[in-house]
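*Asks:* Attaching a single structure in structure tokens format; questions to follow.
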Amino acid sequence: MTPQVTALSPDSSFFHYPYTKEQLEQMVAQGEKAKKDAGFDTTVYWMAPDSPTGTLAGFIEMLKSGEWDGVLIGRGVRTDPKMTEWFEQLVNATREHSPKSKFIFNEDDQDSLGPMKRVFPTK
């Protein structure tokens with residue numbers, strides 16, 4: 001079985017990373033290729049609390065649209081004190097709307113595949 005994972009990725013217009021929008025998009029694209037090559041089926045959800053597109057409501061709709069095995073929430077959301085409330089909302093929405101999903105947490109902006117393999121070790 002191919003794990004279906006949604007990966008929350010920061011909208012670079014909201015999060016203040018040391019990357020340009022283009023660099024962030026390239027990093028995510030490279031990571032998605034590596035995940036696909038490793039046997040994962042991932043969907044990136046570009047998000048930001050105040051974004052007109054990457055909202056909590058949009059995330060909930062995405063969760064409702066399919067059967068997700070995992071939800072990856074990156075360190076930028078988890079470790080930024082300004083993002084604590086947003087992080088809580090994402091976790092609670094996942095628990096409510098995709099209760100079978102496993103949580104996946106990365107520690108490196110450029111490595112989500114390692115944590116995905118840790119959570120789904122048969123891949």
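The values are calculated or read from the model by the stated rules, or taken from the named source; none is laboratory data. Nothing here was measured: the structure is a model prediction, and the numbers come from that model. Neighbour counts run over all protein chains shown; Cβ positions are idealised from the backbone, glycine included. To get the accessible areas, we keep the full protein, side chains included, count just its heavy atoms, and leave off ligands, DNA and RNA. Shrake-Rupley method; radii C 1.70, N 1.55, O 1.52, S 1.80 Å.
*Asks:* Any residue that is polar (S, T, N, Q), at pLDDT below 80 and in contact with a strand residue (DSSP E or B) (Cβ under 7 Å, 6 or more places away or on another chain) - is there at least one of those in region 7-15?
*Replies:* Yes, some residue in region 7-15 is polar (S, T, N, Q), at pLDDT below 80 and in contact with a strand residue (DSSP E or B) (Cβ under 7 Å, 6 or more places away or on another chain).
*Asks:* Out of Thr84, Thr43, Thr53, I need the residue that is over 25 Å from Phe120 (Cβ atoms), open to solvent by 30 Å² or more (accessible area, probe 1.4 Å) and modelled with pLDDT of 85 or more. Which one?
*Replies:* That would be Thr84, the only listed residue that is over 25 Å from Phe120 (Cβ atoms), open to solvent by 30 Å² or more (accessible area, probe 1.4 Å) and modelled with pLDDT of 85 or more.
*Asks:* Separate question: If you check Arg95 against the conditions, is it at pLDDT below 90, surrounded by fewer than 17 Cβ atoms within 10 Å (Cβ to Cβ) and either assigned to a helix (DSSP H, G or I) or over 11 Å from the mean Cα position of the chain (by Cα) (or both)?
*Replies:* No; evaluated as a whole, the condition is false for this residue.
*Asks:* Any residue in region 61-75 that is assigned to a helix (DSSP H, G or I), within 20 Å of Ser112 (Cα to Cα) and either modelled with pLDDT under 90 or open to solvent by 30 Å² or more (accessible area, probe 1.4 Å) (or both)?
*Replies:* Looking for residues that are assigned to a helix (DSSP H, G or I), within 20 Å of Ser112 (Cα to Cα) and either modelled with pLDDT under 90 or open to solvent by 30 Å² or more (accessible area, probe 1.4 Å) (or both), one finds at least one in region 61-75, hence yes.
*Asks:* Count, please, the residues in region 25-50 that happen to be of a type in the set (A, V, I, L, M), in contact with a Ser or Thr (Cβ under 6 Å, 6 or more places away or on another chain) and not in a helix (DSSP H, G or I).
*Replies:* Qualifying residue count for the region: 1.
*Asks:* Go through region 98-120 residue by residue and tally those that are in a loop (DSSP other than H, G, I, E, B), over 21 Å from Leu56 (Cβ atoms) and open to solvent by 100 Å² or more (accessible area, probe 1.4 Å).
*Replies:* Final tally of qualifying residues: 2.
*Asks:* Hey, any hits in region 72-87 for a residue that's in contact with a Leu (Cβ under 9 Å, 6 or more places away or on another chain) and either among the small types (Gly, Ala, Ser) or on the phi > 0 side of the Ramachandran plot (or both)?
*Replies:* There is at least one residue in region 72-87 that is in contact with a Leu (Cβ under 9 Å, 6 or more places away or on another chain) and either among the small types (Gly, Ala, Ser) or on the phi > 0 side of the Ramachandran plot (or both).
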